[in-house]
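The values are calculated or read from the model by the stated rules, or taken from the named source; none is laboratory data. In this text, all values refer to a predicted model and were calculated from it rather than measured experimentally. Positions of Cβ are generated from backbone atoms using ideal geometry, with glycine treated the same way; all protein chains shown enter the neighbour counts. These accessible areas exclude ligands, DNA and RNA; they are computed on the full protein's heavy atoms, side chains included. Shrake-Rupley method; radii C 1.70, N 1.55, O 1.52, S 1.80 Å.
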2 protein chains.
Amino acid sequence: MAKIAVLGAGIMATALSFPSSENGNDVHLIGTFLDREIIDSIQKTGVHPDLGLKVNDGVTAHQLEEAAEVVHGADVVMCGVNSFGIEWAGEQLANLLEPGQKLLTITKGMRADDDGTLKLLPNVIKSYLDPELAEQISWNAITGPSIAGELAVHHDTCVVFCGHDQDDLDFIANLFRTDYYHVWTSLDFDGYETGAATKNVYAFAAGFADGMLRKAGKENDRYVMYNYSAAVFAQGQRELTSFIKLMGGNPDTATGLGGVGDMYVTSAGGRNVKAGGFVGEGVPFSEVRDRLMKGVTLEGVAAINVIGAALKPLTERGVIGPEEYPLCRFLYSVVAEDAPLEMPWDKFFGGLK
Amino acid sequence: MAKIAVLGAGIMATALSFPSSENGNDVHLIGTFLDREIIDSIQKTGVHPDLGLKVNDGVTAHQLEEAAEVVHGADVVMCGVNSFGIEWAGEQLANLLEPGQKLLTITKGMRADDDGTLKLLPNVIKSYLDPELAEQISWNAITGPSIAGELAVHHDTCVVFCGHDQDDLDFIANLFRTDYYHVWTSLDFDGYETGAATKNVYAFAAGFADGMLRKAGKENDRYVMYNYSAAVFAQGQRELTSFIKLMGGNPDTATGLGGVGDMYVTSAGGRNVKAGGFVGEGVPFSEVRDRLMKGVTLEGVAAINVIGAALKPLTERGVIGPEEYPLCRFLYSVVAEDAPLEMPWDKFFGGLK
């Protein structure tokens with residue numbers, strides 16, 4: 001039995017408490033300053049309001065003030081905030097983590113320096129820690145196709161825990177493995193984390209076709225637009241592979257759970273796909289952002305804004321070629337410049353030839 | 001302007017007459033012995049009954065008796081039959097083809113020798129031709145995510161024409177390219193044809209999750225089973241990649257239109273997915289085959305029967321390892337032995353570790 005402390009009580013962090021608590025571990029959810037009502041609800045009724053489910057009896061919920069007490073002595077500390085909270089989480093964890101603890105992050109995304117250098121979010125957290133402490137922490141992450149609610153209701157889910165030390169990975173994976181939560185491990189930390197971050201970029205585009213059909217009044221026609229979405233998916237997967245290479249990961253990682261699998265599930269639905277649907281209907285993205293989906297967390301759009309913006313300085317510096325990442329560049333023009341939805345097909349797949 | 005003769009008047013063969021005729025080519029559809037009513041209908045009303053659409057004015061339909069006259073002098077001859085008709089098509093084409101003609105096949109699938117050696121369908125056709133004639137034919141094929149009806153109604157479609165001679169590919173591609181039919185070319189004939197054949201294997205499995213949800217009365221629940229389908233898709237894509245390597249193709253081909261793209265569109269729906277859905281509901285496959293979908297053409301099941309059966313002798317001969325292709329082996333046990341739907345998750349992704 002291990003003690004697992006989770007910073008953040010969102011739906012994914014909470015969903016993971018199902019397999020881990022069923023394995024007899026001592027699981028503690030710590031709400032962020034945004035999670036006060038969630039923690040209240042779990043403490044009073046056991047129900048996570050956003051997930052719509054009662055958490056297991058072995059799971060304890062805590063308000064943020066108890067964080068130090070809860071993280072103290074934990075074997076595994078999870079970072080369960082979303083990408084918008086990663087700097088805040090870095091500040092918190094800098095004060096909470098103790099030497100020898102294993103960190104397990106579920107936050108996906110990137111940050112970029114002005115020169116376009118991309119950084120994975122665990123490395124952003126690391127930058128907040130005293131370097132000596134950072135060296136004594138084991139850095140691990142969960143990737144792969146995993147819709148939180150499906151995991152929480154015990155539907156088969158296959159994921160990859162990635163990290164830098166096989167013994168640590170085996171230890172953590174065994175805390176979570178059940179007959180419905182199938183966990184592989186990999187030392188390709190950079191590859192899996194890059195795949196997880198960039199798949200969100202392409203999920204936004206998965207909504208275009210449905211929006212275009214709605215605009216044309218053809219959403220119930222016999223023939224829809226799977227060909228369109230499949231081509232976008234294929235180009236997205238090609239670019240995801242390139243990003244993995246760019247970040248020093250193993251390109252084979254793009255073909256499994258962390259690549260096509262994760263893209264597949266992210267493209268199947270959710271808020272980013274919905275936002276892409278509005279763009280498909282012809283709505284300028286700024287209107288989606290400022291009116292139709294105002295205040296809604298859009299991880300995919302955030303990823304496009306960070307990664308898409310970085311492509312320009314990376315190209316100017318010659319790190320990447322101007323012909324690379326045509327879909328990501330196009331999505332950035334849609335999100336940042338309200339570009340119309342004219343898919344640059346001829347630039348895909350290495351250029352039309 | 002070129003003369004294009006198409007053997008077979010099914011929905012895909014006919015859909016391709018839209019871009020080719022709009023480019024001013026002289027396009028002729030030749031019905032097989034199964035297509036008599038289709039040809040009658042097109043001759044009388046212009047409408048392809050299965051496609052539900054009127055073909056373009058520049059397209060001429062012919063009964064099989066006119067085949068020799070129509071194929072004579074054609075620049076491009078297309079083989080548009082389905083995989084069940086490939087031996088018949090080989091016999092026909094052996095008598096119809098003329099030296100210098102460019103053959104363009106759209107039939108997907110494989111045949112296997114008793115020792116498990118797999119053969120692509122264009123090579124099956126070739127085996128029917130006089131060797132001297134076969135040498136004087138240019139062998140090309142169309143692959144990639146393309147639902148026939150979507151192409152026919154001019155929805156954006158991205159495909160790869162593969163072959164052995166770049167000049168021939170450029171010539172043929174230019175006959176078909178339009179502003180909605182985007183054609184790339186590749187000399188990785190074996191890779192693209194293998195991807196096209198094996199993706200049908202895995203599309204069958206794409207129906208399982210929906211069937212399981214229906215059986216459990218959970219098809220309208222808040223949380224469905226995308227995680228399950230994504231993991232199956234990812235393993236399928238890994239195995240498709242292995243098949244491409246096994247057949248001497250370029251594994252990179254598995255990551256674009258001919259790999260993930262084609263699998264994505266094939267998994268989105270169709271008869272194979274429907275058949276997989278029944279299995280997901282718990283129906284033994286033999287009952288699906290002999291009762292629920294009796295007489296329905298199931299290309300995916302046919303591919304599983306051929307390729308899945310070949311894995312045994314290939315393994316015995318040491319050509320492949322016993323741990324390879326666990327999903328294809330499992331699907332074969334479902335289709336050939338009525339095995340229950342117990343997904344061998346632990347064998348996926350190189351084995352659980």
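A count restricted to region A:241-253 and to residues that are at the interface with chain B (Cβ under 10 Å from one of its Cβ atoms), touching a helix residue (DSSP H, G or I) at 6+ places or on another chain (Cβ under 7 Å) and not β-branched (V, I, T) stands at 1. Scanning region A:254-271 for residues that are more than 9 Å from chain B (Cβ to nearest Cβ) and at pLDDT 95 or above gives no hits.
Does B:S186 satisfy the criteria of being among the hydroxyl-bearing types (S, T, Y), within 10 Å of another protein chain (Cβ to nearest Cβ) and within 18 Å of the chain's Cα centre (by Cα)? Steps first, please.
Numbers: among the hydroxyl-bearing types (S, T, Y): yes; within 10 Å of another protein chain (Cβ to nearest Cβ): yes; within 18 Å of the chain's Cα centre (by Cα): yes.
Yes; evaluated as a whole, the condition is true for this residue.
Given the structure, is B:G308 within 27 Å of B:C158 (Cα to Cα), among the small types (G, A, S) and either without any contact (Cβ under 8 Å) to a residue 40 or more places away in the chain or outside the structural domain of B:I106 (by TED's automatic domain parsing) (or both)?
Working: within 27 Å of B:C158 (Cα to Cα): no; among the small types (G, A, S): yes; either without any contact (Cβ under 8 Å) to a residue 40 or more places away in the chain or outside the structural domain of B:I106 (by TED's automatic domain parsing) (or both): yes.
Taking the combined requirement at face value, the residue does not satisfy it.
Which of the following residues is within 14 Å of chain A (Cβ to nearest Cβ), modelled with pLDDT of 95 or more and under 29 Å from A:G144 (Cα atoms): B:G280, B:G351? Lay out the reasoning, then the answer.
Values: B:G351 fails: modelled with pLDDT of 95 or more.
Only one candidate qualifies: B:G280.
Here is a check on your reading of the model: is A:L64 open to solvent by 60 Å² or more (accessible area, probe 1.4 Å), among the hydrophobic types (A, V, I, L, M, F, W, C) and more than 14 Å from chain B (Cβ to nearest Cβ)?
Working: open to solvent by 60 Å² or more (accessible area, probe 1.4 Å): no; among the hydrophobic types (A, V, I, L, M, F, W, C): yes; more than 14 Å from chain B (Cβ to nearest Cβ): yes.
When the stated conditions are applied, A:L64 does not pass them.
Within region B:67-94, no residue that is assigned by TED's automatic domain parsing to the domain that holds B:A303 sits with its Cβ atom under 7 Å from a residue that is among the small types (G, A, S) and surrounded by fewer than 17 Cβ atoms within 10 Å (Cβ to Cβ) at 6+ positions apart or across chains.
Looking across region A:237-255, just one residue is under 16 Å from the mean Cα position of the chain (by Cα) and among the small types (G, A, S), and that is A:A254.
Summed over region A:117-137, residues that are hydroxyl-bearing (S, T, Y) and part of a helix (DSSP H, G or I) total 2.
For region B:117-143, how many residues are of a type in the set (G, A, S) and open to solvent by less than 10 Å² (accessible area, probe 1.4 Å)? Walk me through it before giving the result.
Going residue by residue through region B:117-143, those that are of a type in the set (G, A, S) are B:127, B:134, B:138, B:141.
Filter once more, so that each one left must be open to solvent by less than 10 Å² (accessible area, probe 1.4 Å): B:141.
Residues flagged as of a type in the set (G, A, S) and open to solvent by less than 10 Å² (accessible area, probe 1.4 Å) within region B:117-143 amount to 1.
Considering region B:138-164 alone, what residues qualify as being hydrophobic (A, V, I, L, M, F, W, C), in a strand (DSSP E or B) and at the interface with another protein chain (Cβ under 9 Å from one of its Cβ atoms)?
Residues of region B:138-164 hydrophobic (A, V, I, L, M, F, W, C): B:139, B:141-142, B:147-148, B:151-153, B:158-162.
Still in the list and also in a strand (DSSP E or B): B:139, B:141-142, B:158-162.
Selection gives B:C158, B:V159, B:V160.
Which of the residues spanning region B:151-185 are in contact (Cβ under 8 Å) with a residue 24 or more places away in the chain and among the charged types (D, E, K, R)? The answer is B:D156, B:D165, B:D168, B:R177.
One line per residue, one yes/no per condition, for (1) outside the structural domain of B:V319 (by TED's automatic domain parsing); (2) surrounded by 24 or more Cβ atoms within 10 Å (Cβ to Cβ); (3) at pLDDT below 95:
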{"residue": "B:T241", "(1), (2), (3)": "no, yes, no"}
{"residue": "B:D252", "(1), (2), (3)": "no, no, yes"}
{"residue": "B:V273", "(1), (2), (3)": "no, no, yes"}
{"residue": "B:P284", "(1), (2), (3)": "no, no, no"}
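When each of A:T45, A:T14 is tested for being modelled with pLDDT of 95 or more, among the hydroxyl-bearing types (S, T, Y) and surrounded by fewer than 17 Cβ atoms within 10 Å (Cβ to Cβ), the lone residue that passes is A:T45. Per the listing A:D338, A:D346, the residue uniquely open to solvent by 20 Å² or more (accessible area, probe 1.4 Å) and in contact with a His (Cβ under 8 Å, 6 or more places away or on another chain) is A:D346.
Of the residues making up region A:74-100, those that are within 21 Å of A:F18 (Cα to Cα) and surrounded by fewer than 23 Cβ atoms within 10 Å (Cβ to Cβ) are A:A74, A:D75, A:N82.
Taking region A:101-116 as the range and being open to solvent by 40 Å² or more (accessible area, probe 1.4 Å) and either among the polar types (S, T, N, Q) or assigned to a loop (DSSP other than H, G, I, E, B) (or both) as the test, the residues that pass are A:D113, A:D114, A:D115.
Quick check on my filter: what residues within region A:90-140 are of a type in the set (G, A, S) and either closer than 15 Å to A:T194 by Cβ or touching a helix residue (DSSP H, G or I) at 6+ places or on another chain (Cβ under 6 Å) (or both)? Give the steps one after another, and end with the answer.
First, pick out the residues of region A:90-140 that are of a type in the set (G, A, S): A:90, A:94, A:100, A:109, A:112, A:116, A:127, A:134, A:138.
Passing the criteria: A:G90, A:A94, A:G109, A:A112, A:G116, A:A134, A:S138.
Residue check: is B:A209 of a type in the set (A, V, I, L, M), within 27 Å of A:G280 (Cβ to Cβ) and in a helix (DSSP H, G or I)? Against the criterion (of a type in the set (A, V, I, L, M), within 27 Å of A:G280 (Cβ to Cβ) and in a helix (DSSP H, G or I)), B:A209 qualifies. In region B:318-326, the condition of being under 18 Å from B:A234 (Cα atoms), within 21 Å of the chain's Cα centre (by Cα) and open to solvent by 40 Å² or more (accessible area, probe 1.4 Å) is met by no residue. Exactly one residue out of A:V70, A:V76 is within 28 Å of A:A134 (Cβ to Cβ), of a type outside the set (D, E) and touching a Leu at 6+ places or on another chain (Cβ under 6 Å): that is A:V76.
Only one entry of A:L29, A:L51 meets the criterion of being assigned to a strand (DSSP E or B) and either of a type in the set (G, A, S) or surrounded by 18 or more Cβ atoms within 10 Å (Cβ to Cβ) (or both), and that entry is A:L29.
Considering each of B:Y228, B:Y264 in turn, give the residue that is closer than 18 Å to B:F204 by Cα and touching a strand residue (DSSP E or B) at 6+ places or on another chain (Cβ under 9 Å).
B:Y228
Residues in region A:167-184 that are open to solvent by 10 Å² or more (accessible area, probe 1.4 Å), under 20 Å from A:G256 (Cα atoms) and assigned to a helix (DSSP H, G or I): A:D170 only. Contact map, region B:218-240: first residue more than 7 Å from chain A (Cβ to nearest Cβ) and of a type in the set (S, T, Y), second residue in a helix (DSSP H, G or I) and open to solvent by 10 Å² or more (accessible area, probe 1.4 Å), Cβ cut-off under 7 Å, separation 6 or more or different chains; pairs are B:S229/B:A206.
The number of residues in region A:185-206 being in a loop (DSSP other than H, G, I, E, B) and among the β-branched types (V, I, T) comes to 0.
Starting from residues that are of a type in the set (V, I, T) and in a helix (DSSP H, G or I), keep the ones in region A:61-100 and report whichever is farthest from A:N25 (Cα to Cα). Within region A:61-100, the match that is farthest from A:N25 (Cα to Cα) is A:I86.
Return yes when B:Y192 is over 21 Å from B:Y264 (Cα atoms) and either modelled with pLDDT of 95 or more or touching a helix residue (DSSP H, G or I) at 6+ places or on another chain (Cβ under 9 Å) (or both) and no when it is not. No; evaluated as a whole, the condition is false for this residue.
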